[in-house]
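In what follows, a single structure is set out as structure tokens and then discussed.
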Amino acid sequence: MKDLIRVRSLISAEVEMLLNQQVKKEAYSSAVYLSMASWCNRNGFDNSSDYFFKQAEEERQHQLKLYKYILDMGGNAVSPEVTGIKQEYNSFREVFEEALDQEISVTQSIKNIYARCLKEQDFVTNEFLNWFLKEQREEEYKARRALELFDVIGEEGTGRWQIDKHVGDIKYNSEA
């Protein structure tokens, strides 16, 4: 029966596995951003906390989008277990450095899936992944700009307060 079901699947077993790994990465990212939101909230950075709550929700939506795609393609979507989430950070800046690292890691993972799909000529999944590549362009841009606030404004005096104040103002315009 398993072989019969696999024949009906529109994605290969390897692509399905990679997509399920991406589901887990998105779930992990969401949990990391929740942790960052909590840390910012506990340390008086309310705007940054709100920023990370929004990021956590976006990552959760990415997870669900991938999950549903796997199911739509006849695959077996796996609900991920997420553990090992860091709860404490050494500094306000470290939170944003790790956020950028997280986005770069997600981008690389999506590129790896895309490359595998090219090799298999899975053009349907590549077309689906184009949305994620565009989304990652925005996510990395925003994460880099948030981190740049530390260099532009500086952390001395009211610097961290100013950084926190401006984090929510960061926008990405792909038309520019």
Among the candidates PHE92, PHE128, PHE132, residue that is in contact with a His (Cβ under 8 Å, 6 or more places away or on another chain), among the hydrophobic types (A, V, I, L, M, F, W, C) and in contact (Cβ under 8 Å) with a residue 12 or more places away in the chain:
PHE132
In segment 15-26, the residues that are open to solvent by less than 10 Å² (accessible area, probe 1.4 Å) and not polar (S, T, N, Q)
VAL15, LEU19, VAL23, GLU26
Within segment 125-169, how many residues turn out to be more than 23 Å from GLN63 (Cβ to Cβ) and of a type in the set (A, V, I, L, M, F, W, C)?
8
Qualifying residues in segment 28-64 (those that are hydrophobic (A, V, I, L, M, F, W, C) and over 17 Å from LYS142 (Cβ atoms)) - the one surrounded by the fewest Cβ atoms within 10 Å (Cβ to Cβ)
LEU64
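The values are calculated or read from the model by the stated rules, or taken from the named source; none is laboratory data. Predicted model only: the values in this text are computed from it and were never measured. No Cβ is skipped: glycine too gets one built from the backbone with ideal geometry, and neighbour counts run over all protein chains shown. Just the protein is used for accessible areas: all its heavy atoms, side chains included, with ligands, DNA and RNA removed. Shrake-Rupley method; radii C 1.70, N 1.55, O 1.52, S 1.80 Å.
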